[in-house]
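**Student:** Please see the structure below; I have some questions.
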C-alpha cells in the first residue's frame, strides 16, 4: 500500500460513517445456524489462558445497552482498530480482526509478533466496514468493538448471532482512553484481575518516564500530520496520540480542541493557521522523507520559533514503527512507544 494514505485515513476515521449492509442479515443467520452464541465452540486452541469459568457470567455496559456473557469466550472477533492488542495481552488470539489501512497489522508490529506466533486471524473488514458474512462464518462467541465507530445497525445485525460488546458508552467514537477500552475488553473476557495488573504496569511505565524527565511537565506539545501540500492537522486531546504524550507529562494546547469540528479528533489547519503549532514541542507523524521536506519548506512554517529553534520532531509511522506505536496507544504498544520516543524527545534542547 502507499504509506502516504495513512495520515488521511487516520484523520477521517470519525468523519466518514460506515454502515453494514442489513440485507446480509438473513444470510448471516443461516451461516451461523440462527443463534451460534448458544452453541459450544469447538475451536482448537483459540482461547485465553488463566481465565476461570467462575468469572462468568458478566454484564458489560456499552454504547448500545449492555451485553451479558454467560461463559468464557473461546472464539473472539475484534472489530476495533486496535482492540486486538488488549485481547492478545490477556492471552487470547482473536480468530477475526479488521484491517487498518490495508496493512494487516496483526502480524506486522513488533509489539504483537510474539503474541500472535504463527496464528493469523481472518480479516473481516476494514475500519468500520464489516463483512458480516465473514464474521458469521467464524462462529464467534464474542465480538468486541472498542476503538471503533460501530453503528447501531451493525450492532443489531451482529447481535442476532453472537454476543457483542460495542464501544464504551458516554464517550465519542474513538474517544475512550486506553484504560477504559482495556477494562471493557478485560471484563468481557472474564479477566478483570489480569487487566488491572496490565494497566498498573503501563501506568508505572509512564510514571517512570515522567519521573526521569520532569522537564516534560513544563512543556506544551502538539501532535500533527500533513498528508498533502497546504493541508495540516493537529490532533485533539481525545486522540490516542495526544493522550500518549499527555501521559508522558506534556501539556496539550487547548486551542487545538476549540479549532476542531464537533466529534472530530483533529483540527484542520491551513498554512495560515500553523501558528497554533508554535509550541514547546511539535511532533509530526509522517509517512515519508518527502512529506518531512514539504512541511519544512512551507514558508509560514519556517517562520515558527518551534522550527527555527529545532524543537520540532519528525517521527515515522513505520520503519521504525514509532508513530504506529503511539497511534495505537495500547497496553502492548505503549512500552515500545516510550522506549523509542523518549530519547528523541530528550535530545531536543
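The values are calculated or read from the model by the stated rules, or taken from the named source; none is laboratory data. As the structure is a prediction and not an experimental result, all values here were calculated from the model. Here the Cβ is made from the backbone with ideal geometry for all residues, glycine too, and neighbour counts use every protein chain on show.
**Student:** Kindly indicate whether any position in region 130-142 is out of contact with any helix residue (DSSP H, G or I) (no Cβ under 8 Å at 6 or more places or on another chain), closer than 18 Å to residue 330 by Cα and part of a loop (DSSP other than H, G, I, E, B).
**Tutor:** The answer is no, given that none of the residues of region 130-142 is out of contact with any helix residue (DSSP H, G or I) (no Cβ under 8 Å at 6 or more places or on another chain), closer than 18 Å to residue 330 by Cα and part of a loop (DSSP other than H, G, I, E, B).
**Student:** Tell me which residues, restricted to region 146-161, are buried (at least 24 other Cβ atoms within 10 Å of the Cβ) and in a loop (DSSP other than H, G, I, E, B).
**Tutor:** Residues satisfying the conditions are 146, 147, 148, 150, 161.
**Student:** Evaluate the following for residue 221: is it in a loop (DSSP other than H, G, I, E, B) and closer than 25 Å to residue 257 by Cα?
**Tutor:** It is false that residue 221 is in a loop (DSSP other than H, G, I, E, B) and closer than 25 Å to residue 257 by Cα.
**Student:** Ok, one more. Report yes if residue 219 is under 30 Å from residue 314 (Cα atoms), at pLDDT 95 or above and assigned by TED's automatic domain parsing to the domain that holds residue 314, otherwise no.
**Tutor:** yes
**Student:** Would you confirm, using the coordinates I've provided, whether residue 267 is in contact with a helix residue (DSSP H, G or I) (Cβ under 9 Å, 6 or more places away or on another chain) and in a strand (DSSP E or B)?
**Tutor:** So residue 267 passes the test.
**Student:** Given the structure, is residue 255 in contact with a helix residue (DSSP H, G or I) (Cβ under 9 Å, 6 or more places away or on another chain), outside the structural domain of residue 88 (by TED's automatic domain parsing) and farther than 30 Å from residue 67 by Cα? Spell out the reasoning first.
**Tutor:** Working: in contact with a helix residue (DSSP H, G or I) (Cβ under 9 Å, 6 or more places away or on another chain): yes; outside the structural domain of residue 88 (by TED's automatic domain parsing): yes; farther than 30 Å from residue 67 by Cα: yes.
Taking the combined requirement at face value, the residue satisfies it.
**Student:** Additional query: Could you go through region 290-305 and let me know if any residue there is free of Cβ contacts under 8 Å to residues at least 12 places away in the same chain, within 21 Å of residue 252 (Cα to Cα), out of contact with any helix residue (DSSP H, G or I) (no Cβ under 7 Å at 6 or more places or on another chain) and surrounded by fewer than 21 Cβ atoms within 10 Å (Cβ to Cβ).
**Tutor:** No - not one qualifying residue is present in region 290-305.
**Student:** Which residues, counting only those in region 83-110, are modelled with pLDDT of 95 or more and assigned to a loop (DSSP other than H, G, I, E, B)?
**Tutor:** 90, 91, 92, 93, 94, 95
**Student:** Here is a list: 282, 276, 331. Which entry is assigned to a strand (DSSP E or B) and either within 30 Å of residue 184 (Cβ to Cβ) or in contact with a strand residue (DSSP E or B) (Cβ under 9 Å, 6 or more places away or on another chain) (or both)?
**Tutor:** 282
**Student:** So residue 292 clears everything in (1) more than 20 Å from the chain's Cα centre (by Cα); (2) part of a strand (DSSP E or B) except one condition, right? Which one?
**Tutor:** Every condition holds for residue 292 apart from (2).
**Student:** Would you mind stating whether residue 169 is closer than 27 Å to residue 242 by Cα, in contact with a strand residue (DSSP E or B) (Cβ under 6 Å, 6 or more places away or on another chain) and surrounded by fewer than 16 Cβ atoms within 10 Å (Cβ to Cβ)? Before the answer, list the steps.
**Tutor:** Values: closer than 27 Å to residue 242 by Cα: yes; in contact with a strand residue (DSSP E or B) (Cβ under 6 Å, 6 or more places away or on another chain): yes; surrounded by fewer than 16 Cβ atoms within 10 Å (Cβ to Cβ): yes.
Taking the combined requirement at face value, the residue satisfies it.
**Student:** Considering region 234-270 alone, what residues qualify as being surrounded by fewer than 19 Cβ atoms within 10 Å (Cβ to Cβ) and touching a strand residue (DSSP E or B) at 6+ places or on another chain (Cβ under 7 Å)?
**Tutor:** 237, 246, 251, 259, 268
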